[in-house]
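In what follows, a single structure is set out as structure tokens and then discussed.
Derivation of every value follows stated rules applied to the coordinates shown; laboratory data play no part. Values in this document were obtained by computation on a predicted structure and should not be read as measured data. Because the Cβ atoms are built from the backbone with ideal geometry, glycine has one as well, and the counts that use them run over all protein chains shown.
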Amino acid sequence: MADASQSPTADLLHDLVKAALKAGADAAEAVHADRRALSLGVRNGELEEVEREESRDLGLRVFVGRRQATVSASDLSPGTKARLVERAVAMARLAPEDPYAGLAPEDQLARGPFRDLDMYDPSEPSAEALEAAARNAEDAARAVPGVSISEGGSASWSAGDWRLVTSHGFDGAHRESAFSLGVGVIAALNGAKERGSEHRAVRHLSDLPGAEAIGAVAGKRATARLGARKIASTTAPVIFENRLATQLISPVIQAMSGPSVARGVSFLKDRLGQKVLSGAVTLIDDPFRPRGLGSTPFDDEGVAVERRELISAGVINGWLLNTASAAQLGLQSTGHASRGLAGPPGVSGHNLHVEPGQRDLAGLMSDAGTGLLVTSMFGPSLNPNTGDWSAGVSGFWFENGKMTHPVSEITVAGNLLALAGRIVVGSDLEFRGSFNSPSLLIDGVAIAGK
């Protein structure tokens with residue numbers, strides 16, 4: 001973790017903020033992002049693409065009264081910085097007034113020294129090493145009997161530094177790395193084709209599963225889907241596998257976004273403090289999970305972050321707020337501001353996860369008896385005002401708690417709040433990304449088939 005002591009980058013940002021104030025801004029913040037990345041792809045054992053990135057970018061947000069403007073640049077020369085300041089202040093003077101625009105309140109800012117979250121691994125795999133990993137993953141997937149076509153393997157490495165300086169005294173920085181490996185293949189049987197893939201991303205190279213294991217999983221997923229058939233429309237229990245169960249909860253998180261609530265376009269806008277999900281659902285947001293893909297010592301406005309129970313036994317405890325949405329709702333920021341360099345902050349979670357229940361996937365299937373196990377989902381649709389939801393899915397039909405055959409070309413639908421109120425949570429929680437969930441069982445779901 002980089003600290004907030006003086007450095008060339010810190011000097012650059014402090015100078016930029018001072019220049020903005022001198023040019024007429026009442027307040028300002030400057031952000032610097034430094035990124036290095038290497039990624040490549042292979043197909044059928046041959047190198048297909050290589051992409052290398054080295055970038056340094058600067059963002060400046062200024063306030064003139066309650067007017068604001070944001071500008072960005074990748075050229076850090078003195079002339080560009082001067083023009084950046086001049087343009088930002090001129091734009092802010094012409095911008096419409098926003099009664100909620102402003103820097104985060106000083107009493108909510110994070111103060112150093114900041115917690116070390118172990119987000120940076122200095123390893124820098126060579127192009128040859130990444131190519132070998134991608135090729136090995138593809139070879140392992142193609143070696144699975146029944147796999148006939150490769151959609152390619154990919155491997156990447158990236159590292160970056162991010163720093164924020166504000167005119168009211170905040171100076172914070174963090175450093176992070178990421179390593180990823182994935183492969184996709186197609187299996188064929190009697191003219192029918194089915195896809196399977198696996199992809200993993202981690203902060204530390206040592207945490208990345210082996211290429212052979214990733215490839216084998218992708219191949220087996222493809223071949224397991226062979227012989228998929230349509231089923232008749234029905235109503236039955238549906239289990240959403242842990243790898244995609246977050247897609248069922250994601251619309252709830254989006255509806256808890258402060259900007260959505262403030263604009264009145266959230267189906268949860270009048271449900272704060274109410275039980276809207278099953279009592280089995282407790283949702284945690286933990287920005288301090290070591291090596292987490294969503295970990296951070298402070299949010300993108302410099303506000304202090306903390307571990308929160310966003311949902312406790314189905315009850316909505318609060319919204320995800322940045323400074324502007326908090327001001328609009330008469331509340332305080334919850335430390336969920338998220339921003340790039342070219343615009344004002346939005347909102348996002350950190351490391352989200354649904355707390356696990358007591359039954360593993362086999363136990364959920366046994367409890368349900370007969371129903372549908374969803375293993376892939378595409379095209380989910382949600383009415384943000386009513387909560388009506390539907391998604392195209394595929395997976396496996398099971399009877400008497402045992403899988404019988406794969407199914408495809410079906411749709412599941414219902415009112416999301418009604419569905420979420422009947423969730424049974426599994427025990428198979430696995431931390432794979434910044435949002436994770438165990439498998440989720442819902443009884444009596446409408447399934448549209450043939």
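Observations on the structure shown:
- Cα Rg over Rh - the range 135-189, Kirkwood: 1.42
- Calculated Rg and Dmax of the range 323-423 using C-alpha coordinates, Å: 19.1, 55
- The range 64-84 and the range 102-146 have their alpha-carbon centroids 30 Å apart.
- Value of relative contact order over the chain, rounded to a whole percent, pairs C-alpha under 8 Å and six or more apart: 15 percent
- Euclidean distance of C-alpha centroids, the range 187-204 and the range 431-450, integer Å: 19 Å
- Space enclosed by the convex hull of the alpha-carbon atoms of the range 365-450, per residue, Å³: 115 Å³
- Put simply, the convex hull of the Cα atoms in the range 156-228 casts, on average, a shadow of 7.3 nm².
- Compared with the rule-of-thumb size 2.2 N^0.38 Å for a compact globular protein, the chain has a Cα radius of gyration ratio of 1.08.
- When the P(r) is computed for the range 227-372, the part past 18 Å accounts for 63% of the Cα-Cα pairs.
- Relative contact order, percent, the range 228-450 [alpha-carbon distance under 8 Å, six or more residues apart]: 30 percent
- Cα Rg, Dmax, the range 257-336, angstrom units: 13.1, 36
- In the range 1-84, the trypsin sites (Lys or Arg not before Pro) that fall in loop regions by DSSP, at most 16 other Cβ within 10 Å: Arg66
- Solution diffusion estimate, µm²/s, Stokes-Einstein, the range 303-379, Kirkwood Rh from C-alpha pairs, 25 °C, viscosity 0.890 mPa s: 154 µm²/s
- Computed FRET value (nearest 0.05) for Asp11 with Leu47, which takes r as the C-beta separation and R₀ as 56 Å: 0.85
- Between 0 and 90°, nearest 10: helix 127-142 axis offset from the chain longest Cα axis: 20 degrees
- Crossing angle, helix 211-224 versus the chain [Cα axis fit, 0-90 degrees, rounded to tens]: 50 degrees
- For the cross-link pairs Lys230/Lys402; Lys402/Lys450; Lys220/Lys402; Lys18/Lys269; Lys193/Lys450, the ones whose C-alpha atoms lie over 29 Å apart are Lys18/Lys269.
- By the helix-only formula, in which each DSSP H run with n ≥ 4 contributes -39500 (n - 2.57) and the sum is divided by residues, the chain has a 222 nm mean residue ellipticity of -6500 deg cm²/dmol.
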